Amino acid sequence: MPKASDLKKGAIIEIDDQLFLTRNIDVRSPSSRGANTLYKVTFMNIQKKQKMEHTYTGTDFLKDADCTRRLLQFLYKDDQFYTFMDGEDYNQYTLTIEDIDAAAGYLPDGQEGVLGMLHEGNLIGIELPASVSLKVIETAPAIKGASASARTKPATLETGLVVQVPEYLAENEMIKVNTATGKFTSRA
């Protein structure tokens, strides 16, 4: 049973015998002495696809859902579904575009290291690796002599994701992007 302070985005929690995916966590620290830090959590009901918000203190306990976690590889995306494959038994699982949500920008074809959460043999959610390598498709030309300063420019990546990158990067370079913050970390 995790505490509310240990809850992470993408975790699956059981509330009233229903499964909820953690979408967003807003931490609020009150300024008065002795007040508890509050965690406003936005959940998505996995079965009904409904949004729910709830506020917890850091010491509140939540019930972890009974899920099996398997390492998956992202295979491809079609009009409605994202398809993943289990590397051990080669079973394939699909999630809808709505289920993937913001993670779609971090899933190039063949991406490995995706943690899939299975409940009763069905894929109900994924956790992305800490960082992914993506190819820069479109950006302004590299500036000669540009240092690794704080000056950045927008770059469109192979998945359609747009991130700010240093001025010295050019098109067709591979970069690493932090999946939690959506920011450039380094060259790949």
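Every number here is computed from the coordinates shown, using simple stated rules; none is lab data. Keep in mind the model is a prediction, meaning the values are calculated, not measured. So basically every Cβ, Gly included, is an ideal-geometry build from the backbone, and we count neighbours across all protein chains shown.
Among residues of the range 46-74 that are among the basic types (Lys, Arg), those with a beta-carbon under 6 Å from a residue that is exposed (fewer than 15 other Cβ atoms within 10 Å of the Cβ) at least six positions away or on a different chain give the pairs Arg69/Leu115. Scanning the range 168-188 for residues that are of a type in the set (Ser, Thr, Tyr) and touching a helix residue (DSSP H, G or I) at 6+ places or on another chain (Cβ under 8 Å) turns up just one, Thr179.
When Asp101 is tested against (1) on the phi > 0 side of the Ramachandran plot; (2) within 15 Å of the chain's Cα centre (by Cα); (3) assigned to a loop (DSSP other than H, G, I, E, B), only condition (3) is not met.
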